[in-house]
1. How big is the gap, in Å, between the Cα center of the range 193-218 and the Cα center of the range 60-104?
2. In nm, to one decimal, how far is the Ser142 label point from the Asp190 one, both placed 7 Å along Cα→Cβ?
3. Between Rg and the Kirkwood Rh of the range 175-218, both from Cα atoms, what is the Rg to Rh ratio?
4. Two decimals is fine: what is log10 I(q)/I(0) at q = 0.07, 0.10, 0.11, 0.13 Å⁻¹ for the chain, from a Debye sum with one equal scatterer on every Cα and no solvent?
5. Using just the helices of the chain, give the 222 nm mean residue ellipticity in deg cm²/dmol: DSSP H runs with n ≥ 4 each add -39,500 (n - 2.57), and the total is spread over all residues, rounded to 500.
6. To the nearest 20 Debye, how big is the dipole of the chain about its Cα centre, given +1 on the beta carbon of each Lys and Arg and -1 on that of each Asp and Glu?
7. Would you please put 102-112, 176-186 in order of how densely packed they are, using the mean number of other Cβ atoms within 10 angstrom per residue and starting with the highest?
8. Tell me the carbon and sulfur percent of the accessible area for the chain, rounded to whole percent, probe radius 1.4 Å.
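The values are calculated or read from the model by the stated rules, or taken from the named source; none is laboratory data. Because the structure is predicted, anything quoted here is derived from the model rather than measured. Here Cβ is always computed from backbone atoms with ideal geometry, including for glycine, and neighbour counts include all displayed protein chains. Ligands, DNA and RNA are excluded from the accessible area calculation, which covers all protein heavy atoms including side chains. Shrake-Rupley method; radii C 1.70, N 1.55, O 1.52, S 1.80 Å.
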Amino acid sequence: MTKKGFIFDLDGVIVDTAKYHFLAWKKLANSLNIDFTEEENEQLKGVSRVRSLEKILSWGNKTISEDKFTELMAKKNDDYLSHISKMDENEILPDVPRVLNRLREKQQPISLGSASKNARTILERVNLREHFNAIVDGNDVSKAKPDPEVFLIAAELLNINPKDCIVFEDSVAGVEAANVADMVSIGIGDKKILRDADYVFKDFTEISDEFIIALIKN
Ligand code: BG6
Ligand code: MG
């Protein structure tokens, strides 16, 4: 059987952690008297921690010292980790295990391609670590999504040509990164938001086994 490289984003694709990032950023922004809406949050999905804070500060027209910046980054992450520490397998998004199992049955190489520096911790918490042949996360890249670096490294680790890779992403930045890398982009979420993806599904329950087989064959 042909081999394709299947690359999964983590937050908002495998687990429902996007809501925790939102809560932690909102708390931080509000503490600085900066408004933080769901629309703004959408622009932070897939975006690195540093870049996210820079964006929030610029929306609020705030400049702060380097020390304060470092302090706020740590604060956000502590708050985020307090949510993560309570996570278990119940927070794996619907039908993700089915899709991972199908791919494994078909001996398809699977990688994580996440911007998060907490990715390994989360995968361990929800007990999915052994499903992945490679893991590329925020600790392994120098350029954040929409730069394709994270996905290109994943392709290299899987030893699969980028054009034979398929990326599952819930963020605009991630879909753009997959497209720039010349990979097939599959958006998980809202069609209106992820309009540049090659395919969009509300969630994995909409992705049939037949569709997976077709991705492997085409
Ligand atoms: C991405 C999330 O996966 O990781 C972003 O979509 C987040 O919201 C980014 O900012 C970095 O994550 P972390 O865990 O390193 O702060
Ligand atoms: Mg995501």
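1. Value for the Cα centre distance between the two parts: 25 Å.
2. About 3.6 nm, to one decimal.
3. Details: Rg = 10.8 Å, Rh = 11.0 Å.
Across the range 175-218, the Cα-based Rg/Rh ratio is 0.98.
4. Debye curve over Cα of the chain, log10 I(q)/I(0) at q = 0.07, 0.10, 0.11, 0.13 Å⁻¹: -0.21, -0.42, -0.51, -0.71.
5. On the way: 9 runs with 96 residues, N = 218.
Computed ellipticity for the chain at 222 nm equals -13000 deg cm²/dmol.
6. Details: 30 positive and 38 negative charges, 30 e Å.
Magnitude of the dipole: close to 140 debye.
7. On the way: 102-112: 18.3, 176-186: 22.5.
With the highest mean Cβ count within 10 Å placed first, the list reads 176-186, 102-112.
8. Details: 4940 of 10550 Å².
Of all accessible area on the chain, carbon and sulfur atoms account for 47 percent.
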